[in-house]
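Below: one structure, written as structure tokens.
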Amino acid sequence: MNKHCDLHLHLSGSISKELLIEFAKSDDNKKAIDDIETADVLKMFKIIHDLTNSPERIEASTENVINTSTADYLEIRTTPRYFSSTTPLRHSVGAFVAGLKKHPKKAKGLLSINRYMHDVKSAQKIIEIALEFPDHIVGIDISGINPEGIRILQGDDLKQIVETILNSSLGLAIHIGELNLEKDSIDSTIALNAIDQWLDQNQIDCFGKIRLGHALFLEEDHKRIIRKHRLPIEICPSCHRYLGAWNKSEGHPVQQVYSDKDSPIVIGTDDTLIFSTNFQRELALARKELPYSLENQCNYRFTHNP
Ligand SMILES: [Zn+2]
């Protein structure tokens, strides 16, 4: 399969500006309409969160992201949310799935567990809900960055959740080493050790089952485990430039993990609205600046999961 697969993109950061303005107009929210044009990254995430405030808008956003993507196939991730104290979490997932259902060949979904929002119980709940939609939800993403925040999911709880996902029929996409922080490094150690043990015990190929997001700041032990199993890494070029982790004059940090051209590297857009990009642009940047052949990226889709 030589199609273009965007396997790392977040729903909220990838909605088109036109749709956001439409939401703001229908709320008669003039401030949001003005702010959309000038907001910085953090403010933009807040505007998006405030405007995608109903199951109907989640469904419309999902369709919008699929329709506006320049890739042939997408795995879109989103964090399930409550819209009111009386609506169950399943409502927002149902709305997400309703959007995915309209384009079953072009897009599948991942549900995100946020290390700063979800404890082990709510993480388990998200996994349970994901398993209710096997035709459309193909994996779980573990994410969440917050330099000042306190992680809710960490230590043995994080290990348990990683193992639960690995033992399920779902794929595991985990953000690791996104920021240069000690607490993130501790989480990387926990997650990678759990993955290492699981792969050794089960003698399974990790393709179609596990992907690592970003992997920018890693210790030697992390790199050793990644190379041992040839774990696929998702690189989001514009995001990494924005974070300052990939400077123009220097190689990409992932080149310290993988240097050969056939390395298991996947290119993702992360947030097309936030980084004003699209899949073709990210791929062109990656082809120009990275040493990888970037062939067969679609082999890392979770739909390959047995
Ligand atoms: Zn991401």
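Summary of values
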| quantity | calculated |
| --- | --- |
| Cα long-axis angle, helix 279-289 against the chain (0 to 90 degrees, to the nearest 10) | 30 degrees |
| Degrees, to the nearest 10: 220-229 long Cα axis against longest axis of the chain | 90 degrees |
| Simple Cβ-charge dipole of the range 155-306, Lys/Arg +1 and Asp/Glu -1, about Cα centre, in debye nearest 20 | 540 debye |
| Net dipole in debye of the chain [+1 Lys, Arg Cβ; -1 Asp, Glu Cβ; about Cα centre; nearest 20] | 500 debye |
| Reachable lysines, given that their alpha-carbon falls under 16 Å from the alpha-carbon of LYS25 and they are not under 8 places away in the same chain | LYS17 |
| Computed lengthening from ARG227 to SER122, 0.36 nm per intervening residue step minus Cα-Cα distance | 34.6 nm |
| Accessible area (Å², per residue) of the chain, counting only protein heavy atoms and a probe of 1.4 Å | 44 Å² |
| Distance in nm between pseudo-label sites at LYS3 and ASN247 (7 Å out along the Cβ direction from Cα) | 4.0 nm |
| For the chain, calculated [θ]222 nm from helices alone, where every DSSP H run of n ≥ 4 adds -39500 (n - 2.57) | -13000 deg cm²/dmol |
| The range 15-44-the range 71-88 distance, computed between alpha-carbon centres (Å) | 19 Å |
| Positive-end residue, the range 89-155 charge dipole about Cα centroid, Cβ charges, pick of ALA107, GLY144, ILE127 | ALA107 |
| Anchor LYS106: aspartates and glutamates whose Cα lies under 12 Å away (excluding residues fewer than 8 positions away in-chain) | ASP6, GLU63, ASP72, GLU75 |
| Cysteines in the chain that, by Cβ-Cβ distance, have no pairing candidate under 4.7 Å | CYS206 |
| Long-range HN-HN contacts of ARG211 with modeled amide H, under 5 Å | LEU172, ALA173, ILE174 |
| Heavy-atom accessible surface of the chain: percent carbon and sulfur, 1.4 Å | 49 percent |
| Cα gyration tensor shape for the range 56-200, rounded if a/c is under 1.5, else prolate or oblate | prolate |
| Computed FRET value (nearest 0.05) for GLN201 with LYS30, which takes r as the C-beta separation and R₀ as 45 Å | 0.20 |
| Set of aspartates and glutamates near LYS261 by C-alpha distance (under 17 Å), chain-local residues within fewer than 8 positions excluded | GLU234, GLU289, GLU295 |
| The range 100-154, dipole about Cα centre (Lys/Arg Cβ +1, Asp/Glu Cβ -1), debye to the nearest 20 | 300 debye |
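The values are calculated or read from the model by the stated rules, or taken from the named source; none is laboratory data. Remember, predicted model here, so these are calculated numbers, not experimental data. Every residue, glycine among them, receives a Cβ derived from its backbone with ideal geometry; neighbour counts consider all protein chains shown. These accessible areas exclude ligands, DNA and RNA; they are computed on the full protein's heavy atoms, side chains included. Shrake-Rupley method; radii C 1.70, N 1.55, O 1.52, S 1.80 Å.
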